[in-house]
Amino acid sequence: MEKFFLSIEHLNVHVGGEHVLRDINLKIFRGQQWAIVGPSGSGKTVLAQTLCGKHFFTGRINSSFGGPENFYSLIRIVEQQHHFKDITNRRKKFRIGFIYGSFLDE
């Protein structure tokens, strides 16, 4: 059986009384590369923020390096206007990056 890197099961997130993410299921296996794309307001940012620990959720999020309490500090969101810092002297960690921008809009 292939080992998963990130597993999301029946994820639900409410923001400001609105049900933003509804029953999301996703498995990413080691070595796979994924892109989460969609129109503005479809929940991409809320998903990224949830993986960073910024939103309460129901369901399960697990990774090959532990549950949410272990990986909240390892996940970073990379915004469109982000200026990267030199991190060559820092301890190596797992990184999941989210880069926002629309590939669908002209």
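The values are calculated or read from the model by the stated rules, or taken from the named source; none is laboratory data. Keep in mind that this is a model prediction, so the values were computed, not measured. Glycine gets a Cβ as well: all are built from the backbone with ideal geometry, and neighbour counts include every protein chain shown.
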Open item on the list: If I filter region 78-90 for residues that are modelled with pLDDT of 90 or more and in contact with a strand residue (DSSP E or B) (Cβ under 7 Å, 6 or more places away or on another chain), do I get at least one hit?
Closed with: no
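Can you tell me which residues in region 40-76 are more than 18 Å from Val15 (Cβ to Cβ), without any contact (Cβ under 8 Å) to a residue 60 or more places away in the chain and in a loop (DSSP other than H, G, I, E, B)? Walk me through how you get there before you give the answer.
Just the residues of region 40-76 that are more than 18 Å from Val15 (Cβ to Cβ), to begin with: 60, 62-67, 69-71, 73-76.
The next check asks that each one be without any contact (Cβ under 8 Å) to a residue 60 or more places away in the chain; those that pass are 60, 62-63, 65-67, 69-71, 73-76.
Those that are more than 18 Å from Val15 (Cβ to Cβ), without any contact (Cβ under 8 Å) to a residue 60 or more places away in the chain and in a loop (DSSP other than H, G, I, E, B): Phe65, Gly67, Ile75.
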TODO: Go through region 8-39 and give me each residue that's assigned to a loop (DSSP other than H, G, I, E, B) and closer than 20 Å to Cys52 by Cβ.
DONE: Gly16, Gln33, Trp34, Ala35, Ile36, Val37, Gly38
